[in-house]
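Note sheet for the following structure.
The values are calculated or read from the model by the stated rules, or taken from the named source; none is laboratory data. Note that this is a predicted model, so its numbers are computed, not measured. Backbone-built Cβ (ideal geometry, glycine too); neighbour counts: all protein chains shown. Ligands, DNA and RNA are excluded from the accessible area calculation, which covers all protein heavy atoms including side chains. Shrake-Rupley method; radii C 1.70, N 1.55, O 1.52, S 1.80 Å.
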Amino acid sequence: MTARTPAIVLGGTGYVAGELLRLLAAHPYFDLAAVASDSQPDEPVAQFFRHLEPVLPHVRFASHDEVLEYVTANPSTAVFSAAPHGVSAALIDRLLTAAEQADTQPRVVDISADFRYPTAEAYESVYQHAHGAPARLDEFTCAVPEHLNALTTPHVAHPGCFATAVLLASVPLLSLGLVEPRLFVAGVTGSTGSGRSPTPGTHHPQRHGDLYAYNALAHRHAPEVTALAQAATGVAAEFNFVPHSGPFARGIHVTVQAEAEADVTTHELVQALREFYDASPFVRVRGEMPRLKDVVASNYAELSCVSNGRSVAVMCVIDNLTKGAAGGAVQWMNRMFDLEETAGLMAPAPGWT
């Protein structure tokens with residue numbers, strides 16, 4: 001019988017944290033031990049996530065000092081950080097330093113951007129502030145779970161939600177040499193991707209019934225995608241990315257277009273992607289166009305593709321909070337603890353969201 005491992009969530013009041021809590025509440029091998037929030041210490045978690053009250057009726061937010069005590073008192077813990085970019089690194093560094101002094105072994109999956117880049121300079125060029133723990137960068141690997149067979153570091157940084165969808169669609173094309181290394185990407189994301197605090201771009205009266213591009217050809221996930229695609233394929237590709245805000249809460253739809261290296265039919269393209277993801281339980285490649293409703297609130301990704309001979313397009317849909325963040329993080333943590341990769345993540349999408 002597999003022993004249960006205590007799990008800790010840092011940065012516990014945002015949408016990604018809420019999704020982590022939903023997944024961990026039903027996980028067969030991780031026990032939710034603490035949810036950290038210095039801004040809401042001792043407040044009920046259900047006060048912020050009312051939908052979780054039936055499964056977490058008595059859980060209260062802990063301070064980060066209390067979390068440190070827990071990590072240093074337990075030989076092994078699964079730590080998920082849903083803290084914001086620029087905040088997560090310092091929290092993780094403090095936690096890992098305390099664990100080293102106590103000779104305990106936490107494993108960390110960071111869902112922020114703080115450990116996605118291999119150097120502090122690369123991070124700072126995108127986020128325009130100093131990195132919070134540059135000495136820890138070598139301890140983290142950043143990759144979509146489907147694109148890395150084995151870890152060589154103790155901890156993981158999960159790619160961004162847009163990056164996850166773009167990489168799932170583009171890495172097979174580059175890996176198999178199917179396209180020229182110049183790709184054009186259009187993506188649409190739901191409002192939960194912008195975080196819990198309302199802004200003009202996420203406020204419902206402004207966003208409802210609307211669709212608009214933002215940060216066209218200048219989105220901060222573009223350099224992340226470029227670096228991770230090269231790490232996964234060995235190909236230095238150019239990504240031209242135009243993101244859009246969609247009038248829905250959850251989900252991402254991306255379309256990746258490129259010129260084929262040689263004539264290819266739609267059937268051949270679909271078969272190539274199916275074979276590439278044959279051993280990936282959360283990626284489904286279909287002959288028909290993917291729809292958000294088939295993946296929202298699940299850890300599944302659906303892809304399809306078309307070709308007119310020389311030009312190819314790959315469409316990918318994921319849930320930004322699940323496969324693009326919390327679900328992908330649990331998927332990684334399952335692997336880090338030598339569990340079934342699918343543990344706690346096999347539930348299908350509701351279908352009628």
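Rounded if a/c is under 1.5, else prolate if a/b is larger than b/c, else oblate: which is segment 1-40, with a ≥ b ≥ c the root eigenvalues of its Cα gyration tensor? The shape class here is oblate. DSSP bridge analysis restricted to the chain gives an antiparallel fraction near 45%, rounded to the nearest 5.
DSSP bridge analysis restricted to segment 152-285 gives an antiparallel fraction near 55%, rounded to the nearest 5. Computed from the C-beta positions of Glu69 and Arg220, the FRET efficiency with R₀ = 30 Å rounds to 0.25. With the whole protein complex present, Lys293 retains an accessible surface near 100 Å², based on a 1.4 Å probe. Summarising the strand pairing of segment 1-83, around 10 percent of its internal DSSP beta bridges are antiparallel. The residues of segment 48-132 present an accessible area of 48 Å² per residue when probed at 1.4 Å with all protein chains retained.
Karplus-derived 3J(HN,Hα) values for segment 128-142, using 6.51 cos²θ - 1.76 cosθ + 1.60 with θ = phi - 60°, are 6, 8, 5, 6, x, 7, x, 5, 8, 4, 5, 8, 10, 10, 10 Hz; glycine and proline are entered as x.
Rounded to the nearest 0.05, what FRET efficiency do His129 and Phe184 give with R0 = 41 Å and r taken as the Cβ-Cβ distance? Could you check? Mind showing how you got there, number by number?
On the way: r = 30 Å, r/R0 = 0.74.
It comes to 0.85.
Note on Asn149 and Asp103: the model spin-label points, each 7 Å out from Cα along the C-beta direction, lie 3.6 nm apart. Accessible area of the chain with a 1.4 Å probe: how many percent of it is carbon plus sulfur? Of all accessible area on the chain, carbon and sulfur atoms account for 52 percent. In this simple spin-label model, placing a label point 7 Å from the Cα along the Cα-to-Cβ direction at both Asp31 and Ser311 gives a separation of 5.8 nm. Amide H of Ala7: which non-local residues (sequence gap of 5 or more, or other chain) have their own amide H closer than 5 Å, using H built in the peptide plane? For Ala7, whose amide H was placed from the backbone, the distant partners under 5 Å are Asp31, Leu32, Ala33, Ala34, Ala78.
Comparing Ala329, Ala186, Ala213 in a Gaussian network model of the chain where C-alpha atoms under 10 Å apart are linked, the largest mean-square fluctuation is found at Ala213. Against the longest alpha carbon principal axis of the chain, how many degrees, from 0 to 90 and to the nearest 10, is the axis of helix 161-175 turned? Here the helix axis deviates by roughly 50 degrees.
Any chance you could check the Cα centroid distance between segment 29-59 and segment 229-303 for me, in angstrom? Comparing the Cα centres of segment 29-59 and segment 229-303, I get a distance of 35 Å.
Amide H contacts under 5 Å for Gln105: Ser76, Thr77, restricted to partners 5 or more places along the chain or on a different chain, H placed in the peptide plane at 1.01 Å from N. Relative contact order of the chain: 16 percent, from C-alpha pairs under 8 Å at least 6 residues apart in sequence. Taking all protein chains together, Glu238, Glu275 sort by accessible area into Glu275, Glu238, largest first [probe 1.4 Å]. In order along segment 26-43, the Karplus-derived 3J(HN,Hα) couplings, from 6.51 cos²θ - 1.76 cosθ + 1.60 at θ = phi - 60°, round to 10, 6, x, 10, 10, 10, 5, 9, 7, 10, 8, 7, 5, 7, 10, x, 6, 7 Hz, and Gly and Pro are given as x.
In this entry, the chain is assigned a mean projected area of 17.3 nm², taken as a quarter of its C-alpha convex hull surface.
In order along segment 177-188, phi translates into HN-Hα couplings of x, 7, 9, 5, x, 9, 10, 10, 10, 10, x, 10 Hz, rounded to whole numbers, per the Karplus curve 6.51 cos²θ - 1.76 cosθ + 1.60 with θ = phi - 60° and x for Gly and Pro.
Quick check: from the Cα gyration tensor, does segment 106-232 come out rounded (a/c under 1.5), prolate or oblate? Display every interim value, and only then the final one.
On the way: a/c = 1.90, a/b = 1.24, b/c = 1.52.
Taking the square roots of the gyration eigenvalues as a ≥ b ≥ c, segment 106-232 is oblate.
Computed over neighbours whose Cβ is under 13 Å from that of Val317, the net charge equals +2, Lys and Arg +1, Asp and Glu -1. To the nearest 10, the accessible area of Leu211 is 100 Å² with a 1.4 Å probe.
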